[in-house]
1. Label points 7 Å out from Cα along the Cβ direction at GLU42 and PHE383: separation in nm?
2. Using the Cα gyration tensor of segment 1-64, with a ≥ b ≥ c the square roots of its eigenvalues, what is the shape: rounded (a/c below 1.5), prolate (a/b larger than b/c) or oblate (neither)?
3. Once all Cα-Cα distances of segment 76-198 are split into 10 Å bins that start at 0, what whole-number percent is in each one?
4. For the chain, what does the helix formula give at 222 nm: sum of -39500 (n - 2.57) over DSSP H segments with n ≥ 4, over the residue count, nearest 500 deg cm²/dmol?
5. Starting from segment 55-133, pick out the trypsin sites (Lys or Arg not before Pro) whose DSSP state is loop and whose Cβ has at most 15 other Cβ atoms within 10 Å.
6. At 1.4 Å probe size, with every protein chain present, just tell me what the per residue accessible area of the chain comes to in Å².
7. Using 0.36 nm per residue of separation minus the Cα-Cα distance, give me the extension gain between LYS321 and LEU142 in nm, one decimal.
8. Given DSSP loops and a limit of at most 13 other Cβ atoms within 10 Å, what is the longest stretch of the chain that contains no such GluC sites (Glu not before Pro)?
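The values are calculated or read from the model by the stated rules, or taken from the named source; none is laboratory data. Because the structure is predicted, anything quoted here is derived from the model rather than measured. Every residue, glycine among them, receives a Cβ derived from its backbone with ideal geometry; neighbour counts consider all protein chains shown. With ligands, DNA and RNA removed, areas are computed over all heavy atoms of the protein, side chains included. Shrake-Rupley method; radii C 1.70, N 1.55, O 1.52, S 1.80 Å.
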Amino acid sequence: MIDNGKFGKYGGIFVPELLIPALEELENAFMKYKDDKDFNSELDYYLREFAGRPTSLYYARNLSEKLGCRIYLKREDMLHTGAHKINNTLGQGLLAKHMGKKRLIAETGAGQHGIATAVVGALLKMPTEVYMGSEDVVRQKLNVFRMELSDAKVLPVDSGSRTLKDAINEALRDWISNLDDTHYLIGSTMGPHPYPTIVKHFQSVIGREVKKQIMMKDGKHPDVIIACVGGGSNAIGIFSEFIKDEEVKLVGVEGGGNGVNSGQTGATLSVGTEGVLHGSLSFVLQDDYGQINEAHSVSAGLDYPGVGPEHAYLKVTERAKYVAITDNEAIRGFKLLSKYEGIIPALESAHAIAYLEKYAQLRENKGKTIVVNLSGRGDKDMFLVAEKMGEEI
């Protein structure tokens with residue numbers, strides 16, 4: 001599937017020439033260490049003892065009874081820092097350490113990747129700076145505080161839409177100026193090669209665990225796997241082990257915002273067109289002149305006008321289906337899981353729960369076995385959800 005950093009025609013390297021040596025250095029280090037016994041032993045230790053792997057595959061009995069399907073939740077929300085992001089930051093952090101880098105930088109939207117990078121920086125004794133859109137700084141002020149507690153410096157970005165896209169732009173500018181001692185720890189399966197492949201590699205632990213766990217519990221593969229998609233790391237992590245299993249349907253759920261036709265959406269694969277953003281060819285939200293449109297989602301983690309190139313490939317080859325859930329529907333998903341299972345999901349994951357409800361309500365889907373990747377927990381979103389619900393905490 002991958003040819004010179006591409007998934008079909010998607011992916012590749014579209015960056016200034018100054019970055020090419022750094023990307024080549026990163027690719028060489030990744031190829032050296034990804035199968036190295038000592039490196040993987042160290043990574044496995046931290047994933048287990050520090051992050052809390054393996055995570056459970058939880059049978060959601062109450063939700064299953066309500067919706068008439070056999071529903072499992074992959075509990076990435078129970079990891080240290082509250083989301084799947086720690087899988088990748090531990091991997092890339094150790095890779096940077098082995099490369100001799102002294103400093104970490106990162107971008108973040110919802111803040112979960114920022115927190116995961118901050119704690120890894122503290123763990124590995126590497127100074128860490130995190131770029132974050134100033135709008136997201138307000139929306140996710142609890143996560144900003146958590147990053148700062150781990151001694152990371154949070155750098156608000158006031159340009160553009162003041163969200164994830166602009167944070168990535170500033171992180172790239174920083175990296176170009178500090179290539180010798182700095183590793184840019186990208187948090188999703190986007191960006192120039194080799195980042196989409198690296199992030200997929202470190203997140204694929206999710207899919208490997210699910211395949212083993214579902215076989216132990218049910219003795220067969222699930223009928224459907226559902227995961228939210230912003231840049232796409234949690235989704236590609238759980239999809240990865242099942243891509244070759246054609247009988248398993250893969251569904252990615254984007255942030256529909258105010259509706260896919262409203263002009264205020266984050267549903268890149270639903271309404272976007274092919275283009276280049278942040279170093280790779282994929283689908284992007286853009287106007288007729290190729291100018292990037294602002295994305296919108298109630299979820300800061302899905303508020304991105306691009307998507308990882310492998311998701312673009314899975315879309316055009318029809319191996320995966322991509323759908324959009326609106327802000328209001330996501331709030332309903334947030335409340336649904338909280339009410340029936342006592343599990344409060346991140347707003348990102350709430351999009352997947354909302355689509356689960358719609359999918360399960362179709363007569364032809366009754367009785368199917370469904371795995372939902374619960375990519376994060378909702379602590380960070382409580383004030384925002386309360387505001388949307390017209391309540392106060």
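1. According to this spin-label approximation, the distance is 3.8 nm.
2. Numbers: a/c = 3.05, a/b = 1.59, b/c = 1.92.
Taking the square roots of the gyration eigenvalues as a ≥ b ≥ c, segment 1-64 is oblate.
3. Per 10 Å bin, starting at 0, the Cα pair percentages come out as 15, 50, 32, 3.
4. -12500 deg cm²/dmol
5. On the way: sites: ARG61, LYS66, ARG70, LYS74, ARG75, LYS85, LYS97, LYS101, LYS102, ARG103, LYS125; in loops: LYS101, LYS102, LYS125.
Here the sparse-neighbourhood loop sites are LYS102, LYS125.
6. 40
7. Gain in length upon complete extension: 61.1 nm.
8. Working: sites that count: GLU246, GLU247, GLU318, GLU391, GLU392.
The segment 1-245 is the longest one with no such site.
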